[in-house]
Amino acid sequence: MKIVYCGRVAEIAGTREEEVAPPPEIRTVETLRAWLGRDRPELLTALCAPAVRAVVNDEVAQADRAIAAGDEIAFLPPVSGG
């Protein structure tokens, strides 16, 4: 499973992307967020922020969206600019 972090979330994660192999009980975006942040409280807070969107295989996903081993999941914080 490929995880892509963008913006501030990437800064907190210390990387823009990583390959992970979550245990079988990690089946949704919500449980993936918790698993990714299990040892990194600051990352957990960032991933669970209401404005951070999860995108699974190029589709915006809700927390209960099912995920699978070959998926690409991106976490996108809000973007500002002018």
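The numbers here are math on the coordinates, done by the rules we state, and not lab data. Please read all numbers here as calculations on a predicted model, not as lab measurements. Cβ coordinates were reconstructed from backbone atoms using ideal geometry, including for glycine residues, and neighbour counts include every protein chain displayed.
The numbered conditions (1) surrounded by fewer than 16 Cβ atoms within 10 Å (Cβ to Cβ); (2) not in a strand (DSSP E or B) are all true for Val60 except (2).
Contact map, region 44-58: residues that are closer than 8 Å to Leu76 by Cα paired with residues that are part of a helix (DSSP H, G or I) and among the basic types (Lys, Arg), Cβ distance under 8 Å, separation 6+ or inter-chain. Pairs shown: Ala54/Arg33. Residues in region 22-40 that are farther than 17 Å from Pro77 by Cβ and either assigned to a loop (DSSP other than H, G, I, E, B) or not acidic (Asp, Glu) (or both): Pro22, Pro23, Pro24, Glu25, Ile26, Arg27, Thr28, Thr31, Ala34, Trp35, Arg38, Asp39.
Checked against (1) out of contact with any strand residue (DSSP E or B) (no Cβ under 8 Å at 6 or more places or on another chain); (2) in contact (Cβ under 8 Å) with a residue 40 or more places away in the chain, Cys6 passes all but a single condition, namely (1). Here Val79 meets the list (1) touching a residue at least 24 places away in the same chain (Cβ under 8 Å); (2) touching a strand residue (DSSP E or B) at 6+ places or on another chain (Cβ under 6 Å) almost entirely, failing just condition (2).
Does region 68-78 include one or more residues that are among the charged types (D, E, K, R), surrounded by fewer than 15 Cβ atoms within 10 Å (Cβ to Cβ) and under 11 Å from the mean Cα position of the chain (by Cα)?
At the first step, the residues of region 68-78 found to be among the charged types (D, E, K, R) are 71-72.
Still in the list and also surrounded by fewer than 15 Cβ atoms within 10 Å (Cβ to Cβ): 72.
Then keep just the ones that are under 11 Å from the mean Cα position of the chain (by Cα); that gives 72.
Yes, there is a match, as at least one residue in region 68-78 is among the charged types (D, E, K, R), surrounded by fewer than 15 Cβ atoms within 10 Å (Cβ to Cβ) and under 11 Å from the mean Cα position of the chain (by Cα).
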